[in-house]
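Just so it is clear, none of the values below were taken in a lab; they were calculated from the coordinates. Computed from a predicted structure; not experimentally measured. Heads up, the Cβs are rebuilt from the backbone with ideal geometry, glycines too, and the neighbour counts pull from every protein chain shown.
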Amino acid sequence: MAPQPSIIATSSVATTEKIISTMKKQIAAMATILATSSVACAYPTISQIETPPEPVKIPVVEYKSSWKCPGCNENEKYVLEQLQEKTKISDPIALSTILGNIKSESNFYPNICEGGARVSYDQCYRGGYGLIQWTSTGRYLGLGFFCKKYDCDPSSLEGQVRYMINESHFQKVLPEFEGSGFTIAQYMVPAYYWLGWGIKGYREEYAYDYTKKLVWT
């Protein structure tokens, strides 16, 4: 027996409404998911992006070749370095002559009084004192006045090297040391006028030894 038409119509309407209701719920759920996803995956604005830190700039230190003495002690190395840094002396023979004379005078001990006593500047009462054995009253006092004016220690290597290079006696002969092509014997002439030694001793021998130690690097 076939169902009545009215019963079929009522059942069809109920099914359609149920389908529509289910679809509405699915659409609503999908809309919620899309809304959440769009917030989570949204691209940040320019104002929200942090500015990256500036890269650290490392200064480039230019290496400058010079005469060095790998086999020398620290005092000898310091004097050699300062002579090249504070003057225009570039001839290894001239540098060796100066080093040889300093070795003869003090063996590169700044706090040495004539005779060998190792004392501070104000405790050397006779003879020469320091790297080049400043002897005359004017030159000895000049070391003290210089270090008082320029805030250095007259008993120290650093203070004495500063004074030695700036002292008028050295400055007068400096142009000859800044020349080139001379022999040790020839450089000994300005060295004598600079130091005014009484006994020549082994100065030239020491100078020759330094010519064998200096290397350009």
Within 10 Å of each residue's Cβ, count the other Cβ atoms and sort ARG118, ARG139 from fewest upward.
ARG118, ARG139
Using DSSP to call loops (not H, G, I, E or B), can you name the GluC sites (Glu not before Pro) in the range 112-197 whose Cβ has at most 14 other Cβ atoms within 10 angstrom?
GLU178
Whole-angstrom Cα spans of the range 67-216 along principal axes, big to small
40, 30, 28
Neighbourhood charge, 12 Å Cβ-Cβ cut-off, centred on PHE145 and excluding it, Lys, Arg +1 and Asp, Glu -1
+2
Only loop residues by DSSP count here, and only those with at most 14 other Cβ atoms within 10 Å; note down the chymotrypsin sites (Phe, Trp or Tyr not before Pro) in the range 44-117 that meet that.
TYR63
Holding the Cα-Cα limit at 19 Å, pick out from LYS103/LYS172; LYS57/LYS86; LYS68/LYS213; LYS68/LYS149; LYS64/LYS103; LYS68/LYS103 the pairs that are longer than that.
LYS103/LYS172; LYS57/LYS86; LYS68/LYS149; LYS64/LYS103
Which net charge results when you count Lys and Arg as +1 and Asp and Glu as -1 among the other residues whose beta-carbon is under 14 Å from that of LYS18?
+1
